[in-house]
1. Give the residues of region A:122-172 that are surrounded by 22 or more Cβ atoms within 10 Å (Cβ to Cβ), within 16 Å of ligand 2 (Cβ to nearest atom) and charged (D, E, K, R), sorted by residue number.
2. Yes or no: residue A:228 modelled with pLDDT under 95, within 16 Å of ligand 1 (Cβ to nearest atom), over 16 Å from the mean Cα position of the chain (by Cα) and exposed (fewer than 14 other Cβ atoms within 10 Å of the Cβ)?
3. Select from region A:1-19 the residues that are surrounded by 12 or more Cβ atoms within 10 Å (Cβ to Cβ) and within 16 Å of ligand 2 (Cβ to nearest atom) and write down the one among them that is nearest to residue A:213 (Cα to Cα).
4. Looking at region A:83-93, which of the residues that are buried (at least 20 other Cβ atoms within 10 Å of the Cβ) and in contact (Cβ under 8 Å) with a residue 24 or more places away in the chain is farthest from ligand 2 (Cβ to nearest atom)?
5. Could you tell me whether any residue of region A:32-42 is free of Cβ contacts under 8 Å to residues at least 60 places away in the same chain, within 16 Å of ligand 1 (Cβ to nearest atom) and buried (at least 16 other Cβ atoms within 10 Å of the Cβ)?
6. For region A:45-69, what are the residues that are within 15 Å of ligand 1 (Cβ to nearest atom) and away from every other protein chain (no Cβ under 11 Å)?
7. Taking region A:75-85 on its own, how many of its residues are out of contact with any Ser or Thr (no Cβ under 8 Å at 6 or more places or on another chain) and either at pLDDT below 90 or charged (D, E, K, R) (or both)?
8. Could you check region B:209-254 and list, in sequence order, the residues that are away from chain A (no Cβ under 14 Å), not hydrophobic (A, V, I, L, M, F, W, C) and not in a loop (DSSP other than H, G, I, E, B)?
Amino acid sequence: MSVPTIAVEGLGFSYPDGTVALHSIDLHIHPGERVALLGPNGAGKTTLILHLNGIHMPQHGSVAVSGLELSRDNVMEIRRRVGIVFQDPDDQLFMPTVRADVEFGPRNLGLEGDELDERVDATLETMEVADLAERPPNHLSFGQKRRVAIAGVLAMEPAILVLDEPTSNLDPASRRELATTLRALDTTLLVVTHDLPFALEMCPRTLVMDEGRIVANAETAEILRNDELLKQHRLELPYGLSIAVGD
Amino acid sequence: MAGGHVHALYRHGESALHGLLPQTKIAAAFLFVFAVVATPREAFWAFGSYAFILIGLAAYAGLGIKFVATRMIVEIPFVIASLAFPFIAGGDKVTVLGIQLSQSGLWDMWNVLAKATLGLLTSIVLAGTTEIPNMLKGLDALRVPRVITAIMGFMIRYLDVVLGEFRRMRVAMRSRGHDPKWLGHARPYAASAGAIFVRSYERGERVYLAMASRGYAGHMPRSTIEPAPATQWLGVLAVPMFAWLIVALAWWSL
Ligand SMILES: Nc1ncnc2c1ncn2[C@@H]1O[C@H](COP(=O)(O)OP(=O)(O)OP(=O)(O)O)[C@@H](O)[C@H]1O
Ligand SMILES: [Mg+2]
């Protein structure tokens, strides 16, 4: 089997105020996989993904990205490999124009000149925001901001793209269009979401987290059919929907 | 443009002034303002020439009288302050319509008003033809330290976000029956300013996380700078050069 893109072993973490956010997490994601991470509010999803690029350092256990184990000396390389798109795009878009924002990451990687331009143009194209390149982010619609935020991270060509609640605040049409765009990427993907139909549409495999533990790891359709499991962990399909057997 | 107060200083247009590279415009504007300030106050004709040049440029860029006039409003506090000079300054007096006015006070008033107005007019022409991101690029090209341009960029970027939060908070207060009529009712505003500060601080932390996640290690990358061709520098700097010529003449003819 290939070297996993993400290998988390026995990861434990508590916040300075004593809240234990993660208990001994084990997690493997292989190249090319698209995995959903579900769980109720406060389950520890955001805390977990902040470990994947070394914003938090493991207190117990380890995190490795494509075989490289996270340590203080290699955070920069780990951050190059793991691209995280945060929940609020206003936090992510801090440069004066869309283009400058998408350039930010690649410039930090040392790209310049034509190579930089090509990378940025290609990424803007992929996320279908090329026509917004010279606009300041202030007045973009929420859906546009989200796409630009993803472009900014994608431009670093990470080994894995991690999205924290990519569909929150999107209208149904923007949500569908985003799913289409994301499905066309061949990047390895970890999607944190409360949007179960989106998980089903995007990700063949799903992890369920609750109270700092991974409580389920299976095919997405199988998890969404397990009413017992969903109920136990405060997960709900939208009213009136159920997953057909053999989907 | 909806909610466009950040861009309220800029007017979209296609004039050659809009098309110039920002660094040449910024440099020219600075040199022009210095010339205005260095002009002896007695040289009325010099101030007239400056006004003529600036009004000409504004008209050429299609800024329009209303656009310029509404942006001149910020000068009002200076106008009011300087109107007091003739009354409070000492020295020789002149009598105008039966009122005793200080001669040196009148000169001071004229000096401040003329120079402030021309300086403001210069900024309006510059800002009216240069979009904010380009302004930052121009400052970058002029080798203004990157920390300063980066902080300016952040301020401009997040001004909208913070104002938006303040507006929403005010709407929420009003919706729950708060109706501020006099100063005694200002307390909830003060409290909300505190809340906005905390939120802004937390946002700052999140922005930092997002920056760190994209490889930020303490140095903002410089933007790609398009160097201005020598002909453009010469053409644009001709305007402040002319102004400095006027300064020289004005001092010589005193
Ligand atoms: N900075 C912090 N200090 C102390 N405790 C924190 C901090 N951030 C999160 N927590 C706690 O850690 C636990 C996990 O939080 P986390 O944000 O990871 O949850 P989440 O699964 O992302 O939730 P949500 O779905 O609401 O985003 C929660 O109990 C939360 O209260
Ligand atoms: Mg979260």
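The values are calculated or read from the model by the stated rules, or taken from the named source; none is laboratory data. Since the model is a prediction, treat every value here as computed from it, not as a measurement. We place every Cβ from the backbone using ideal geometry, glycine too, and count neighbours over all the protein chains shown.
1. The one that is surrounded by 22 or more Cβ atoms within 10 Å (Cβ to Cβ), within 16 Å of ligand 2 (Cβ to nearest atom) and charged (D, E, K, R): A:146.
2. Answer is no for this residue.
3. Our first condition is that a residue be surrounded by 12 or more Cβ atoms within 10 Å (Cβ to Cβ); within region A:1-19, this holds for A:3-14, A:19.
From what is left, the residues that are within 16 Å of ligand 2 (Cβ to nearest atom) are A:13, A:19.
Working: A:13: 11, A:19: 14 Å.
That would be A:13.
4. A:93
5. So far as region A:32-42 goes, no, none of its residues is free of Cβ contacts under 8 Å to residues at least 60 places away in the same chain, within 16 Å of ligand 1 (Cβ to nearest atom) and buried (at least 16 other Cβ atoms within 10 Å of the Cβ).
6. A:45, A:47, A:48, A:51, A:57, A:58, A:59, listed by residue number.
7. 4
8. B:231, B:232, B:235, B:240
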